[in-house]
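Chemist: Pasting a structure here, questions to come.
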Amino acid sequence: MENLNRKMTPTESLQLQRATTGADIAAGEKVCPVCSRETRDEYVPLIVLEEDLRQLINANAPDTREFQAVCERCVRLFERAKEQIIKDAAMQKDGSHVLSTPLRLDSDERFTGKDVTIAFLDSGFYPHVDLTTPDNRIIGYRNLLDENGDLSSLFQPDAASWHGMMTSVVAAGNGGLSNGFYRGIAPDANVVLVKLARTGRITERNIQDGLEWVLENQAKYSIKIVNISAGGDFEQSYLNDPLSQTVEKCVARGLTIVCAVGNAGHLPNHPVFPPASAPSAIAVGGLDDQNSINRTRRGMYRSSYGPTLDGFQKPEIIAPSIWVPAPILPNTPTAQQASLLEKLDKAEDDQLHSIVRENPGVESELDAALDRPAYMLRQIIALKLSQESFITKHYKYVDGTSFSAPIVSSVIAQMLEANSKLTPQQIKRILISTAERLPGYEVDRQGWGVIDPRQAVEKALLFT
Ligand SMILES: [Zn+2]
């Protein structure tokens, strides 16, 4: 049975699993119908689980397959998810989109990045409460455009602030605005935020200045990891590119440099630019896991890929780059819109019109539909919630390798918490050796495959 399974395409093996019954499992079927992991765990019959837990597992199971039992790990995962959903009234009721990053990647929750510092180089930031409460973990902020020590730009919710707020919270947010549910994999890590530009536009020179600032301040903040969800504009050989050489210098000084590989994989030219193309950087491509823990649903995102001008395999690994939960920037029109839509979504039909009337100018399509019946307002509300990818009034789904890179940075923070002696080279080797190849996709696109946080941390612990 197992050999047969290996040779099948994902669709065929899915069909095979569709027929899996409790009897098959008892007879030695070793693939869980929900997560598709081969497991030696005991299987748990659904019939013994509580009704709401059973519903939640079904809502997150692939397609409409019939199954009677799931692995113990899935039961544990969804029990945790259920607790969070009960605690957080803001969560969507139908259970369809409940998955957080740690849940989807099955990260090892013994490690939270405690006492490890990640520096983020980005267009701008915001002190989001998921980073600042209950303890402020923003231990350093530098705006390279202003005088040293000037914090004013950190508190301005402008367009440039969005990107870095999202990357830093994806990695190190503690999910404070969702009772801990939409947390990153390193919710106790410290962060240092380096603002590189006045707008979203970042140049190669900006990134290099940022890295040089990190080198000068590495000891002051104990910076171990640098996350760069930005790239240059041209392919360059590292041999004569100043930014690539700065990356190499950083790695030689003990910094692990994590770079987003870019989002141009759907185009004929999809090269990887510096800094991701530097040999010692860890370049991260995109996984599309369809917001599911089922491994047979995994596919590639349209991330850029090499080989580079120097012939290096880039990306080295991939991580979720779509359906990534990220915070909404407070005090913006988007935040107002999300808040109104959530309120309407929960309201009774006979309240919809008055709520829209009390909030003019927030959602113009609703303002214009005030003379329509409630069911039509409902349709607009549902459409807007999905168009804007709102999850709750505080979080939305985002995509791009800008968000895969911080997921990898957060796993590295766990690894360094587990074993602070690891060098950047050892970290890269562990990530590569524990990654899992996606069947059916070229090696050039995915490198060594999907990051496996649990195994990476396990190997970090054993490394001496
Ligand atoms: Zn399972």
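The values are calculated or read from the model by the stated rules, or taken from the named source; none is laboratory data. Bear in mind the structure is a predicted one, so any value in this text is a computation, not a measurement. Glycine gets a Cβ as well: all are built from the backbone with ideal geometry, and neighbour counts include every protein chain shown.
Chemist: Looking only at residues that are among the hydroxyl-bearing types (S, T, Y) and assigned to a strand (DSSP E or B) in segment 364-422, which one is nearest to G265 (Cα to Cα)?
Modeler: Y397
Chemist: Quick check on this structure: which one of R201, R183 is surrounded by fewer than 23 Cβ atoms within 10 Å (Cβ to Cβ), touching a residue at least 24 places away in the same chain (Cβ under 8 Å) and not in a helix (DSSP H, G or I)?
Modeler: R201
Chemist: Here is a further query. Which condition number does E248 fail, the rest of (1) within 30 Å of I381 (Cα to Cα); (2) part of a helix (DSSP H, G or I) being met?
Modeler: All conditions pass for E248, except number (1).
Each row is one residue, and each column tells you yes or no for (1) on the phi > 0 side of the Ramachandran plot; (2) at pLDDT 95 or above.
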position	(1), (2)
K346	no, no
Q351	no, yes
V356	no, yes
G361	yes, yes
A374	no, yes
S386	no, no
T392	no, no
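Chemist: Could you check D289 against (1) farther than 20 Å from V169 by Cβ; (2) modelled with pLDDT under 95 and say which number it fails?
Modeler: Failing condition for D289: (1).
Chemist: Taking I391 and the conditions (1) out of contact with any helix residue (DSSP H, G or I) (no Cβ under 8 Å at 6 or more places or on another chain); (2) buried (at least 20 other Cβ atoms within 10 Å of the Cβ); (3) under 25 Å from N190 (Cβ atoms), which numbered condition does it fall short on, given that it satisfies the others?
Modeler: Here I391 clears every test but (3).
Chemist: Being in contact (Cβ under 8 Å) with a residue 24 or more places away in the chain and more than 17 Å from S178 (Cα to Cα) is the requirement here; does F390 meet it?
Modeler: So F390 fails the test.
Chemist: Related question: For D150, are the conditions met, namely being among the charged types (D, E, K, R) and either over 24 Å from N419 (Cβ atoms) or free of Cβ contacts under 8 Å to residues at least 24 places away in the same chain (or both)?
Modeler: When the stated conditions are applied, D150 passes them.
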